[in-house]
């Protein structure tokens, strides 16, 4: 019989090449009982039907195993099962608590947090939605108080037994697109689901919003408030055949997008052109730990697949910071650069300094993250033109000429127009920076300083962390006229993530940053834009809160159908073109 003819079956499988289609891999947490890791068939069959490759993840709390697992999958599904130990929520057990599964609790809470940090798409089902909530700051009702809905049914698992009101502006509503939803009121629609649980999320926590409730108000669905592909449902779509399939199709589709993000980051050099992490060095931060005090460290850079950052020595403007002692400002910057070099030396297997674009690429190919160094505020020169050579020898790639106040080089966007633009000393500084191959950075500069420097400089200038004034009227942002002038001279504008430069009122998010980027591209062209986050200098917004979330930026670029070549330009290629030109002018 052909059914048992293994050779014939294999021959058929090998009639075309390749056999593997590189479908996205979905990791599914396995249940545990009777010394066995097991999984209901609905989970993996629905993943296959949705076009994914299922991979069962056993309940192992080894952090290295979990990290290696997450590096090999494209999305995570948290499956259903027993109760979660309430001690993880800081609560004592109530009499109605069911059987907890201690073998699963810690591994699944850990993998949920680690997947969240890595921006993996996540789907939580029944216990899985509760795991998401507990892992990320929410709480679970240990035993649902019965009202008008019986949540633990004895009907067949494929049978819908109650209704859920779905918010119309939600991912879940978009998943079903109205095809399985009944019309409710103007804000909600109704989805009919099965029901086999006595626990539910009681508090979704700060990272989620409730998008589905049962008739008695019990939370039935949550989704990310941070523009991340994370969704939790209380019912069991794996048991509902075609009616449940759209949820799995959503997960596989998001996994496919994440797989594409990983592909792009593999061959793209991702450079953030401005971060202020050295401001936190006095707090004795640990760059090799996932330190909650800073937005950029080795863990977050790795999670966000970020290759490089330009760390600046920021010098505060206030006069009471300085004693008037000759050399103190230079020494202040040198101390910061010393600490950067020490951090690199302590983490030499994973981190290296870079001074040129070629060194950045060499470090990437060697599997190392890169730090470039810059100066924010020309006060560091201490009024001495010879200090430019000193800092060039230390390895800096740019100097932001001023900060939030006029200095002896030029007027600031927040200054008092002391010089009417660039000072006589500032003219010398720009000429010397040109001669030595150091980029002139005009973020923070007054408009008159900007145009003076643009006219004076023999090489293109950069604005390492500025946004569009047409979208947010702030003197720190560039007008469209400035953008056009900058592009005409070959320079670049790096969109920044400081909320006050993205939106005048309300909370700025990743969507606002993308609007600023799109506007800059429309005005300047694709060859003159990039990203300068200002992380640890008050930069960071919902959706792009720290280095671990930078793959979300790429995800947005892909959603806007930018090509690989354009994405590389945005992700540092344009900035490095200017750097190459400036450094090539050294002579």
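The values are calculated or read from the model by the stated rules, or taken from the named source; none is laboratory data. Note that the coordinates shown come from a computational prediction; the quantities given were computed from them, not determined experimentally. Virtual Cβ from ideal backbone geometry, glycine too; neighbours counted across all protein chains shown.
Can you say whether residue 447 is in the same structural domain as residue 505 (by TED's automatic domain parsing), without any contact (Cβ under 8 Å) to a residue 24 or more places away in the chain and surrounded by fewer than 18 Cβ atoms within 10 Å (Cβ to Cβ), as far as the supplied structure shows?
Values: in the same structural domain as residue 505 (by TED's automatic domain parsing): yes; without any contact (Cβ under 8 Å) to a residue 24 or more places away in the chain: no; surrounded by fewer than 18 Cβ atoms within 10 Å (Cβ to Cβ): yes.
So residue 447 does not fit the description; no.
Looking only at the range 23-34, filter to residues that are out of contact with any helix residue (DSSP H, G or I) (no Cβ under 6 Å at 6 or more places or on another chain) and surrounded by 10 or more Cβ atoms within 10 Å (Cβ to Cβ); which one of those is modelled with the lowest pLDDT?
33
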Residue within the range 491-501 that is under 16 Å from residue 531 (Cα atoms), in a loop (DSSP other than H, G, I, E, B) and within 21 Å of the chain's Cα centre (by Cα) present: yes
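Condition test on residue 292, is it outside the structural domain of residue 212 (by TED's automatic domain parsing) and touching a strand residue (DSSP E or B) at 6+ places or on another chain (Cβ under 6 Å)? Let's see the steps before the verdict.
Details: outside the structural domain of residue 212 (by TED's automatic domain parsing): yes; touching a strand residue (DSSP E or B) at 6+ places or on another chain (Cβ under 6 Å): no.
Considered against the rule, which asks whether it is outside the structural domain of residue 212 (by TED's automatic domain parsing) and touching a strand residue (DSSP E or B) at 6+ places or on another chain (Cβ under 6 Å), residue 292 comes out as no.
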Residue check, residue 419 more than 26 Å from residue 503 (Cβ to Cβ) and not in a strand (DSSP E or B): yes
Residue in the range 29-70 that is farthest from residue 302 (Cα to Cα), counting only those that are without any contact (Cβ under 8 Å) to a residue 12 or more places away in the chain and outside any helix (DSSP H, G or I): 34
Filter result for the condition that a residue is assigned to a helix (DSSP H, G or I) and surrounded by fewer than 23 Cβ atoms within 10 Å (Cβ to Cβ), over 213, 263: 263
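Yes or no: the range 467-480 includes at least one residue that is farther than 22 Å from residue 533 by Cα, crowded, with 18+ Cβ neighbours inside 10 Å and at pLDDT 95 or above.
Just the residues of the range 467-480 that are farther than 22 Å from residue 533 by Cα, to begin with: none.
Scanning the range 467-480, I find no residue that is farther than 22 Å from residue 533 by Cα, crowded, with 18+ Cβ neighbours inside 10 Å and at pLDDT 95 or above, so the answer is no.
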